[in-house]
Amino acid sequence: MVTVTGPARDTPRPGRARRREPYLDGLRALAALHVMFHHIYVEVYPEEYGIRPHGLTAIVSREMAVSGAGVALFIVLSGYSLALGARRDHWTLPDGAWAFYRRRGRRLLPPYWTALALSAVLAATVLSAKTGTHWDVSVPFSATDVVSHVFLVHDVIGSSSAINHALWSIAITWQAYLLFPLLLWAIRRHGMRRMVVVTVVVTALIGNVAGAQHSPVLLLRSFQLIGGFAVGIAALEITRRDGYIHWRGSVARPPWAAISIGLLCLWAVASLNHVPFILSMGALIIALGTGSLTWLAAVLRWRPLVWLGLISYSLWLVHAPLVHLVWLKLLHPLGLDVGEPATLFALLGVAVPLSIVTAWGFYHLVEQRSLTPVSLLRRRRELDAAPETPRVHAD
């Protein structure tokens, strides 16, 4: 039997009741950067047209070729962050589910709708032509695509990649939010262990079956990401217990850093889906939160990374059309075509800083306006440790 409670650690120790966690923003920055780097990679080496790098370029760009890792990490972090408030209230939403949905909607939707509108204008005008790049999956788009994107069901109806191919993950994130109250109920009713195991196993099975059958419904193929949300919730609880768990009556503190590395290697060698990566990121967050990886936490607390984590949502929303715009209007006229290593490195050198600067402006002009004073306060508190609550048992 496994629980996520620790021994005599349920009472916070002096100096640890409130602990800064800026490394979470560092992880958010890395998630957003990976997504952007991947989209730069597929802009130059679009899988749709069978174009692949060779030689040294293939080796250097290997991690950039991996799809979905940044999204998976971001969703694990979302589960961790949202669990902070719920844990303080004994795994409940004091104001109820609808109030939670309204708060999440105010936070997520105005920037998303703004980015969607800007992307639609670009995709209907200067970026409307097929060019033999990955951007081709975004154009043309239909009225159905617009409606499904507005209501965040574009992973079920229409084309999930239409208008702006980077926005498919926002639908998955929103659907994870919708399931959050159900996951909290499962924790209260059945315990943390059962909630996590059942959620991860069921969502992984759905994702694998749908992927093997090439399901046209992206939600089914990406369902394993919902398991990442549950893993993030469990990571928060275990972190607050100093990394201790109960195993059949005994108490243990697993080597979370080693577990994270092992799972990451398993995912890299036999990557059938993102479940090993999701579990690896959960273990990594626990290791960081319990002081096992002080050197990595110091790197993630680097101010530029923390700042980038602050604007990571804006970067997520705006980078894809900018990447294509840079290639189409600047690099392609210079003779830098798809499939060429020089195009990849030139795009990295130009599109990355341009996207970051644009995201900074978008954050201040749009995203920050969607943050109420209460949301801003909650955002600051997210970096602090939550007061301890009574134990959560598996049975």
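Surrounded by fewer than 16 Cβ atoms within 10 Å (Cβ to Cβ) and either among the hydrophobic types (A, V, I, L, M, F, W, C) or under 26 Å from Arg221 (Cα atoms) (or both), is that true of Ala115? The answer is no for Ala115.
The one condition from (1) surrounded by 15 or more Cβ atoms within 10 Å (Cβ to Cβ); (2) of a type outside the set (A, V, I, L, M); (3) touching a residue at least 24 places away in the same chain (Cβ under 8 Å) that Arg248 does not meet is (1). Of the candidates Ala171, Ala166, the single residue that is crowded, with 21+ Cβ neighbours inside 10 Å and closer than 30 Å to His332 by Cα is Ala166.
Here Phe141 clears all of (1) over 30 Å from Pro276 (Cα atoms); (2) in a helix (DSSP H, G or I); (3) aromatic (Phe, Trp, Tyr) except the condition numbered (2).
The residue pairs whose first member lies in segment 12-33 and is within 16 Å of Tyr80 (Cβ to Cβ) and aliphatic (A, V, I, L, M), whose second member is assigned to a loop (DSSP other than H, G, I, E, B) and modelled with pLDDT under 85, and whose beta carbons are closer than 8 Å, counting only pairs six or more residues apart or on different chains, are Leu24/Glu382; Leu24/Leu383. Please indicate, with yes or no, whether at least one residue in segment 91-101 is under 19 Å from Leu219 (Cβ atoms), in contact with a helix residue (DSSP H, G or I) (Cβ under 9 Å, 6 or more places away or on another chain) and of a type outside the set (Val, Ile, Thr). Yes, segment 91-101 contains a residue that is under 19 Å from Leu219 (Cβ atoms), in contact with a helix residue (DSSP H, G or I) (Cβ under 9 Å, 6 or more places away or on another chain) and of a type outside the set (Val, Ile, Thr).
Gly132 falls short on exactly one of the conditions (1) without any contact (Cβ under 8 Å) to a residue 40 or more places away in the chain; (2) surrounded by fewer than 24 Cβ atoms within 10 Å (Cβ to Cβ), and that condition is (1). Filtering segment 293-311 to residues that are out of contact with any Phe, Trp or Tyr (no Cβ under 8 Å at 6 or more places or on another chain) and either within 30 Å of Leu109 (Cβ to Cβ) or outside any helix (DSSP H, G or I) (or both) leaves Leu293, Trp302, Arg303, Pro304, Leu305, Val306, Trp307, Leu308, Gly309.
Within the set Ile187, Ile206, Ile163, Ile157, the sole residue that is touching a helix residue (DSSP H, G or I) at 6+ places or on another chain (Cβ under 8 Å) and closer than 17 Å to Ala72 by Cβ turns out to be Ile206. Could you go through segment 261-272 and let me know if any residue there is buried (at least 23 other Cβ atoms within 10 Å of the Cβ) and either in contact (Cβ under 8 Å) with a residue 24 or more places away in the chain or in contact with a Cys (Cβ under 7 Å, 6 or more places away or on another chain) (or both). Looking for residues that are buried (at least 23 other Cβ atoms within 10 Å of the Cβ) and either in contact (Cβ under 8 Å) with a residue 24 or more places away in the chain or in contact with a Cys (Cβ under 7 Å, 6 or more places away or on another chain) (or both), one finds none in segment 261-272, hence no. If His332 meets every condition in (1) over 30 Å from Trp185 (Cβ atoms); (2) modelled with pLDDT of 95 or more; (3) in contact with a helix residue (DSSP H, G or I) (Cβ under 8 Å, 6 or more places away or on another chain) apart from one, which number is that one? Of everything listed in (1) over 30 Å from Trp185 (Cβ atoms); (2) modelled with pLDDT of 95 or more; (3) in contact with a helix residue (DSSP H, G or I) (Cβ under 8 Å, 6 or more places away or on another chain), His332 misses just condition (3). Do any helices (runs of 4 or more DSSP H) lying entirely in segment 200-292 carry at least 2 residues that are closer than 24 Å to Val153 by Cα, and which ones are they? Per the criteria, 218-221, 224-240, 275-289. Of the residues making up segment 220-241, those that are in contact (Cβ under 8 Å) with a residue 40 or more places away in the chain and under 14 Å from Ala176 (Cα atoms) are Ser222, Gln224, Leu225, Ile226, Gly227, Gly228, Phe229, Ala230, Val231, Gly232, Ile233. For segment 316-374, a tally of residues being over 24 Å from Ile51 (Cβ atoms) and not charged (D, E, K, R) returns 21.
Among the residues of segment 332-363, those identified as under 23 Å from the mean Cα position of the chain (by Cα) and either closer than 13 Å to Tyr45 by Cβ or touching a residue at least 12 places away in the same chain (Cβ under 8 Å) (or both) are Leu348, Ala351, Val352, Leu354, Ser355, Ile356, Thr358, Ala359, Trp360, Phe362, Tyr363. Under the condition of being under 21 Å from Leu122 (Cα atoms) and touching a residue at least 60 places away in the same chain (Cβ under 8 Å), the residues counted in segment 155-182 number 6. Restricting segment 183-219 to residues that are without any contact (Cβ under 8 Å) to a residue 40 or more places away in the chain and buried (at least 19 other Cβ atoms within 10 Å of the Cβ), the residue that is farthest from Gly68 (Cα to Cα) is Ala186. Hey, can you tell me all the residues within segment 132-167 that are more than 21 Å from the chain's Cα centre (by Cα) and at positive phi? Of everything in segment 132-167, those that are more than 21 Å from the chain's Cα centre (by Cα) and at positive phi turn out to be Gly132, Gly158.
The values are calculated or read from the model by the stated rules, or taken from the named source; none is laboratory data. Being a predicted model, the structure only gives us computed values, none of them experimental. Cβ atoms come from the backbone with ideal geometry, glycine included; neighbour counts cover every protein chain shown.
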